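Heads up: the structure comes next, in structure tokens.
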Amino acid sequence: MEKKERSKERSEGVEKRLVRGDSILEFHSNRSVVVEGCRGILEYSEGIIRVSTRRMNLRFEGRNLEVISMSSDAIAIEGYILLLAFET
């Protein structure tokens, strides 16, 4: 299977999961994360960022955490991420 076909299939799978209500987290090491399917920020400090998704809340703990980008359904966080907790 060619790289282009795999990318298209992955993109279609992501769209289906988002329609279903799932959230997608994309980590780049422990230095940044993008959360798709985000509904808003619940708590924001240098050491903790909590966000609401459709099915649960996510709590990121670490050092020098900051929201670098946010749209109506996604958020990008950078910093030194030490912990991710799923709160139901």
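Nothing in this text is a laboratory measurement; each read-out follows from the coordinates by a stated rule. Please read all numbers here as calculations on a predicted model, not as lab measurements. So basically every Cβ, Gly included, is an ideal-geometry build from the backbone, and we count neighbours across all protein chains shown.
Under a Cβ-Cβ cut-off of 9 Å, what is the net charge of the residues other than V33 that fall near it, where Lys and Arg count +1 and Asp and Glu count -1? Spelling it out: positives minus negatives among the neighbours equals -1. Principal axis analysis of the Cα atoms in the range 22-87 yields extents of 26, 20, 16 Å, listed in decreasing size. With K and R counted +1 and D and E -1, the other residues having a Cβ less than 13 Å from that of Y80 yield a net charge of -2.
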